[in-house]
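Structure, as structure tokens:
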Amino acid sequence: MTSSGVDKALSLVRNLPRISFNNLRDSVGKRKPRERCRGRYGGKTHGCGQKGSEQRQAYMRLGHEGGQTPFYMRFSKEPYYKGWHLQREYLPISLHRIQMLIDTGRLNPEEPIDVTQICNTKLFKLDPRKKQYGFQITDEGADCFDAKINLEVQYAPEHVIAAVEKNGGIITTAFYDVMSLQAAVDPEAFFKRGVPIPKRMLPPHDALVQYSDPKQRGYLADPDKIAEERFILSQKYGYELPELSQDPLKDMLLRRKDPRQVFYGLMPGCFVSLRDKKVFAPKDEELKRFYEIN
């Protein structure tokens, strides 16, 4: 090869891109189109069976039992499972776990604790799309529970209510619909959507009795009847009920949400701008009537 040919080849190499997987190609004519062959990868039927529906690739649906009466029709109905798909699920959380979250600083006992505060610990995952409508409190750790808190959950048995009120705390059971619960579980993601805070719906007919019962500390119950039931429960379990009027945390303990309210301090219909760090309330009278803002 002459010097001119070498220089030409070197200049060509310098201008060509580096070899990588995205510019590798086969030689022209190296690959040939696949031909129809015999055996497993071709042949007479090409893997489509012999005769009938399999030959036409019209396979039976999954679970087909060959024409006889299916399993799910062979037995009578079970009324026990009627309406099972409509039942609401409340994820359990124990008093021992709440006490541990308070001791480790994940929950602030000087502020009201609700679904939003519990989910912000990042230790509990609530999915309203799976019929999960909140939390229920279990009695594990009731003997060592000594925190004075304002707690809002969705269900609590009688002995759990007694354990919270014995320390001077307040417990309330409240209902959240799906849209309100989606906003309460992850407020940051909800505010980034740029939609107004929804108006919390009232509980359905089958849950209205529970959330209107003062014995279960329902948020729709009469406050005077709740005070009467607090005294009755203290007599039943043998503890002295602390006086809330003389408590230094009186304002925090008596703080309540409106039945239509999702967040403390934020009324329905408001927009929250995380970038500007501002809250925009509706000014139109029709919107105020829709969101029931006073």
Just going by the charge dipole of region 199-271, with Lys and Arg at +1 and Asp and Glu at -1 on Cβ, which of 223, 249, 210 is farthest out on the positive end? 210
Using 7 Å Cα-to-Cβ label points, what is the residue 179/residue 254 separation (nm, one decimal)? 3.4 nm
Which of the three applies to region 155-293, rounded, prolate or oblate, going by the alpha-carbon gyration tensor with a ≥ b ≥ c and a/c under 1.5 meaning rounded? prolate
In deg cm²/dmol, rounded to 500, what helix-only [θ] at 222 nm does the chain give when every DSSP H run of at least 4 residues adds -39500 (n - 2.57) and the total is split over its residues? -8000 deg cm²/dmol
May I ask for the distance between the Cα centers of region 81-98 and region 272-287, given as a whole number of Å? 35 Å
Heavy-atom accessible area of the chain with neighbours in place, 1.4 angstrom probe: carbon+sulfur share in percent works out to 53 percent
Quick one: length gained pulling residue 30 to residue 186 fully straight, 0.36 nm per residue minus the C-alpha distance? 50.4 nm
Considering the dipole of the chain built from charges on the beta carbon (Lys and Arg +1, Asp and Glu -1) around the Cα centre, which of 279, 234, 60 is farthest to its positive end? 60
Rounded, prolate or oblate (a/c below 1.5 giving rounded, otherwise prolate when a/b exceeds b/c) for region 72-205 by Cα gyration tensor: oblate
Among 230-243, 126-139, how do they line up by average Cβ neighbours within 10 Å per residue, starting with the highest? 126-139, 230-243
Sort the following peptides by mean Cβ neighbour count (other Cβ atoms within 10 Å, averaged over residues), highest first: 9-15, 218-224, 111-117. 111-117, 218-224, 9-15
Magnitude of the charge dipole, the chain, Cβ model with Lys/Arg +1 and Asp/Glu -1, debye to 20: 3400 debye
If you place +1 on the Cβ of every Lys and Arg, -1 on the Cβ of every Asp and Glu, and leave all else neutral, what size is the dipole of region 146-225 about its Cα centre, to the nearest 20 Debye? 220 debye
Determine the shape class of region 205-275: with a ≥ b ≥ c the square roots of the Cα gyration tensor eigenvalues, call it rounded for a/c under 1.5, and otherwise prolate if a/b is greater than b/c, oblate otherwise. oblate
Most packed first (mean Cβ within 10 Å per residue), the peptides 152-165, 94-107 order as 152-165, 94-107
Which of (1) 1.16; (2) 1.10; (3) 1.74 is the computed Cα Rg over 2.2 N^0.38 Å for the structure on display? (3)
Put a dot 7 Å past each Cα toward the Cβ at residue 104 and residue 195; how far apart are the dots in nm? 3.3 nm
Given a 1.4 Å probe, the accessible area of the chain per residue, as a whole number of Å², is 71 Å²
Taking 8 Å as the Cα distance limit and 6 or more residues as the minimum spacing, I'd like the relative contact order of the chain as a percentage. 13 percent
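The values are calculated or read from the model by the stated rules, or taken from the named source; none is laboratory data. This structure is a prediction, so every number in the text was calculated from the model and none was measured. Virtual Cβ from ideal backbone geometry, glycine too; neighbours counted across all protein chains shown. Remember, those area values only see protein heavy atoms, side chains included, never the ligands or the DNA or RNA. Shrake-Rupley method; radii C 1.70, N 1.55, O 1.52, S 1.80 Å.
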